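Notes follow the structure.
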Amino acid sequence: MRFVVCGGGVGLAASGMLVLLSGPLPMVVANALVTVVSTLAATELHSRISFRSGRGGWGVHLQSGLTVAVGYAFTTGALLALHSLRPTSSALVQQGVYLSASALAGVGRFALLRLVVFARPAAPAVPAAGTGTERAADAPATTAGAHVPVGRRPGSSTIAACAHM
């Protein structure tokens, strides 16, 4: 849900910017500009809010940018197809096509961000006790020189431990 709210909010803002910029700029250039700016904003929001990953920086933006390249090609292709089929389509129809293509691209982007860019690292495997794979650093601490019978741990029944001495 957080992904939809963050990505959808940025997508709606991007859609409005595309309308404003497509007059003075060629549509493909306007879409490229809007895509870059909205990607930077959406990646930050997704990192902090959607996936709560704590990852950030330019590395994440570059990885996320690769997912946007596909989205850019998809939305641009959809708009170019619309203009070739209906060159005089209204702004409302253009927005419908753009938002529909963006939504489909967003589903693919979510999957890639979730599974690749913001994937949580796998928890390290913990060996089972008594398998012989324990490290000395993982063993319980004992007092230097203290006698601890085999199979007993410090802090367990002092009387029973003393009886073995």
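What is the log10 of I(q)/I(0) for region 23-109, computed with the Debye formula using one identical point scatterer on each Cα and no solvent, at q = 0.20, 0.22, 0.23, 0.25 Å⁻¹? One equal scatterer on each Cα of region 23-109 leads to -0.93, -1.07, -1.13, -1.27. Each of L33 and V70 was given a label point 7 Å from its Cα along the Cα-to-Cβ line. The distance between the two points is 2.8 nm. Length gained on full extension, V5 to H83: 25.1 nm, using 0.36 nm per residue less the C-alpha separation. So for region 1-61, what percent of the C-alpha to C-alpha distances run longer than 18 Å? Value for region 1-61: 40 percent of Cα pairs lie more than 18 Å apart.
The numbers here are math on the coordinates, done by the rules we state, and not lab data. Just so it is clear, the structure is predicted and the values come from calculations on it, not from any experiment. Because the Cβ atoms are built from the backbone with ideal geometry, glycine has one as well, and the counts that use them run over all protein chains shown.
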